[in-house]
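First the structure, in the form of structure tokens, and then the observations on it.
The values are calculated or read from the model by the stated rules, or taken from the named source; none is laboratory data. From a predicted model like this one, the values you see are computed outputs, not experimental measurements. Here Cβ is always computed from backbone atoms with ideal geometry, including for glycine, and neighbour counts include all displayed protein chains. These area figures cover heavy atoms from the full protein model, side chains too; ligands, DNA and RNA do not enter into them. Shrake-Rupley method; radii C 1.70, N 1.55, O 1.52, S 1.80 Å.
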Amino acid sequence: MSTRLTYHGAASYEIVTPTHTILVDPFLSGNPLAPCGPDDLRPPDLILVSHAAADHYGDAAVVARRSGAAVVCDSAVRAKLIDDGVDPRRITQTTWGIVVGVAGLTIRPVECHHWSMATLSDGSTVVGNPLAFVFETEPGVRIYHYGDTCIFDMRLIGELYRPTVGLLGCTVPRELLHLIDGPGTYLSGEMDPDEAARAAEMLGLELAVACHYLTPNEDVARFLELVARHDTSGKRRAVAPLVGQTLVVEPGNHWIEG
Amino acid sequence: MSTRLTYHGAASYEIVTPTHTILVDPFLSGNPLAPCGPDDLRPPDLILVSHAAADHYGDAAVVARRSGAAVVCDSAVRAKLIDDGVDPRRITQTTWGIVVGVAGLTIRPVECHHWSMATLSDGSTVVGNPLAFVFETEPGVRIYHYGDTCIFDMRLIGELYRPTVGLLGCTVPRELLHLIDGPGTYLSGEMDPDEAARAAEMLGLELAVACHYLTPNEDVARFLELVARHDTSGKRRAVAPLVGQTLVVEPGNHWIEG
Amino acid sequence: MSTRLTYHGAASYEIVTPTHTILVDPFLSGNPLAPCGPDDLRPPDLILVSHAAADHYGDAAVVARRSGAAVVCDSAVRAKLIDDGVDPRRITQTTWGIVVGVAGLTIRPVECHHWSMATLSDGSTVVGNPLAFVFETEPGVRIYHYGDTCIFDMRLIGELYRPTVGLLGCTVPRELLHLIDGPGTYLSGEMDPDEAARAAEMLGLELAVACHYLTPNEDVARFLELVARHDTSGKRRAVAPLVGQTLVVEPGNHWIEG
């Protein structure tokens, strides 16, 4: 058995488990390096959306409408999905700690220290609370998706839910920075390479996966170096797939295809 | 002297101290197992509302209007109370850390890692920040109400404010799950039994009280077991009152009536 | 070289570095003890606004419009600034962890456990996420502005970003308490003196600066005592400038002028 994570860039993954297909933060239409469009995806069993930011919410509504897949999300994403024509009966709203069983899967939302806001078609704004996720895809493969959190003391999450694979933002997609208004320049993502490598240690990961880029940059390279430096287990691996590549994970092993 | 906590189910308690009556998260009208209606309560001196979710806000407005009691809450609950006809002069809004003196009581709001949102009568939404509470009801009895938090590192709260009695969610009211939209099933509350038992340890409680159920279920039974397993003090007690029962607390002692 | 911090009261400072002028949480017009009005300030290079509360947002829009200075803030402050006529091209919105380069300065927003909400001119509310800030003003002077946070485990912030000077709320501006609606009395600020002194220790500060008052009160005096009590470094200094005074900071040294 193995779990296949195809990277779309930003925080978007299609995760194919031995039994299910899970789509996380599907950012394709607005993604200049997207390996496919939302209509090219196999219909997922489940869509997870961490928060309502455009580069995470992405094509969630399009895919949900077309596939009828269940969605797990916070209240802001739920409001935006409904505004975008998704049947509320397909959406399960949850919050930190409330584990949900859906589509035969068990999804644990954990704290994400970020922010979730959407603007609806009538101009009103909705605010929820952003989610990170932990879920087991097969025995011995437990995936943590960081959902754009900044660093905080994640040791409890590591101790209690023992993720083995962590998808960890360590930079910011440079190709999207022109979309940011204002006079300033974003010099880091919500976590920088050192913070993300420390997160890997706090979570006790076996495999730390760089996340939140389109083209790997020097932050990503630095993350791959720093994971080892912060590793007290002596066996943590680190990887940074290219957009379009598939990271294949088995307990204790991984490789990249594509 | 003693402090009497009558459980209404969910996170609702009437807490009668030697000098005052405090109503917390009064969920009665929507509560299929409520031991009484909001009009049957003795008029409280103070109402605490942790956040704006329906099963916590409950009958706060009804009781506040009828009794004229002061309310301590966040900004979302305040907006909803005003929308529901409560005089703003009876409402004290606070936030994490700002201790308030009201009705002769001292109430400390502490971090609650959850989410507080209400929809007002005009369809607009308001978002605040959810509260947990610590307050002393008599010398040596300091009550922590968890306000629907998920687990986080609560050791600072334990060290600084030394609660002796903790009302800790450890499950989800199963009788209310049909109200949850969507395809998923809630498999836990914001804390599960193990997390709640760990919270009791981090808070350094003398008495850990199961909370967030209507009928005690296997989660509650498991919590009662796990409190001892996570207890490094060797003297932590655990209890799970039935709805309608009264937990009587004195320093170092407790029993159940009813 | 030195860095000059002129205190306006509440959490408002004009910070003059060897190369730039930074205005933080400029609360002047509504401040009964303000040493000057917003039009008397030298035009800043940068305005930092921690969150949208009136005593922190203050005159940010007035100063931004007049000076054309860049503003770094969260989404709620951004929405309010735009509503108040500030050009969006002058505003850089960020969130926890996303370091921004702006006006030749590097600003790190860090977690602030508080709440940021504004009401716009059309009556709608916007909610963001509140910011604390760390920034270096000269080699060896790294300033932490607390942005109204309550206490939490700040050791990661101390370890990772090593602030040397911390502006730490330890009380509440008593002169403004009449503006608080409702039956209760605020007995503390978001941090009390003991909490703020513990924050100084967790952050590893060299210089702990009392903040969030207009006239120094007994909380401020208590903070100055408690900083030493919680200091494991043996060399932490503490100071409480009067409104209108200037705290001058060099690496390893400080004095007050005015």
Next item on the list: Answer with yes or no whether B:Leu5 is within 11 Å of chain C (Cβ to nearest Cβ), in contact (Cβ under 8 Å) with a residue 60 or more places away in the chain and within 14 Å of the chain's Cα centre (by Cα).
Entry: no
Check: Counting just the residues of segment B:127-140 that are farther than 27 Å from A:Leu160 by Cβ and crowded, with 24+ Cβ neighbours inside 10 Å, which one comes out farthest from the other protein chains (Cβ to nearest Cβ)?
Finding: B:Thr137
Next item on the list: Considering only segment A:3-44, state which residues are of a type in the set (Ser, Thr, Tyr) and crowded, with 17+ Cβ neighbours inside 10 Å.
Entry: A:Thr3, A:Thr6, A:Tyr7, A:Ser12, A:Tyr13, A:Thr17, A:Thr21
Checklist line | Conditions (1) more than 25 Å from C:Ala118 (Cβ to Cβ); (2) within 10 Å of chain C (Cβ to nearest Cβ): number failed by B:Asp74 | finding: (1)
Item checked: Per-region count, segment A:186-214, residues farther than 17 Å from C:Tyr161 by Cα and in contact with a helix residue (DSSP H, G or I) (Cβ under 7 Å, 6 or more places away or on another chain) -> 9
Checklist line | Counted residues, segment A:85-102 - those being crowded, with 22+ Cβ neighbours inside 10 Å and more than 7 Å from chain B (Cβ to nearest Cβ) | finding: 2
Margin query: Quick check on my filter: what residues within segment B:209-246 are under 14 Å from B:Ile256 (Cβ atoms) and small (Gly, Ala, Ser)?
Written below: B:Ala210, B:Ala238, B:Ala240, B:Gly244
Note to self: I'm trying to understand the selection: among the residues of segment C:220-258, which are crowded, with 17+ Cβ neighbours inside 10 Å, within 19 Å of C:Arg174 (Cβ to Cβ) and within 18 Å of the chain's Cα centre (by Cα)?
What the structure shows: C:Val220, C:Phe223, C:Ala240, C:Pro241, C:Val243
Item checked: Test: residue in segment C:193-208 that is in contact (Cβ under 8 Å) with a residue 60 or more places away in the chain and under 30 Å from B:Ala69 (Cβ atoms) -> no
Notebook entry, point to check: Can you tell me which residues in segment B:1-25 are touching a strand residue (DSSP E or B) at 6+ places or on another chain (Cβ under 6 Å) and closer than 23 Å to B:Lys80 by Cβ?
Noted result: B:Ala11, B:Tyr13, B:Glu14, B:Ile15, B:Ile22, B:Leu23, B:Val24, B:Asp25
Note to self: So, in segment C:106-120, exactly how many residues are within 9 Å of chain A (Cβ to nearest Cβ) and in contact (Cβ under 8 Å) with a residue 40 or more places away in the chain?
What the structure shows: 4
Notebook entry, point to check: How many residues are open to solvent by 30 Å² or more (accessible area, probe 1.4 Å) and farther than 22 Å from A:Val127 by Cβ if we restrict to segment C:103-123?
Noted result: 4
Item checked: Close pairs (7 angstrom Cβ cut-off, 6 or more residues apart or separate chains): under 19 Å from B:Asp194 (Cβ atoms) in segment B:230-243, assigned to a loop (DSSP other than H, G, I, E, B) and open to solvent by 60 Å² or more (accessible area, probe 1.4 Å) anywhere -> B:Arg236/B:Glu206; B:Arg237/B:Glu206
Next item on the list: For segment A:145-162, enumerate the residues that are free of Cβ contacts under 8 Å to residues at least 60 places away in the same chain and under 20 Å from A:Cys73 (Cα atoms).
Entry: A:Thr149, A:Cys150, A:Ile157, A:Tyr161
Notebook entry, point to check: Restricting attention to segment A:189-212, does a residue exist that is in a loop (DSSP other than H, G, I, E, B), open to solvent by 40 Å² or more (accessible area, probe 1.4 Å) and more than 8 Å from every other protein chain (Cβ to nearest Cβ)?
Noted result: yes
Check: Applying the selection to segment A:142-157, what residues are of a type in the set (Phe, Trp, Tyr), outside any loop (DSSP other than H, G, I, E, B) and within 11 Å of chain C (Cβ to nearest Cβ)?
Finding: none
Notebook entry, point to check: In segment A:162-183, is there at least one residue being touching a Pro at 6+ places or on another chain (Cβ under 7 Å), among the charged types (D, E, K, R), assigned to a helix (DSSP H, G or I) and open to solvent by 10 Å² or more (accessible area, probe 1.4 Å)?
Noted result: yes
Check: Among C:Thr246, C:Thr185, which is the only one that is of a type in the set (Ser, Thr, Tyr) and touching an Asp or Glu at 6+ places or on another chain (Cβ under 8 Å)?
Finding: C:Thr246
Checklist line | Considering residues of segment B:45-81 that are polar (S, T, N, Q) and not in a loop (DSSP other than H, G, I, E, B) only, the residue least open to solvent (accessible area, probe 1.4 Å) | finding: B:Ser75
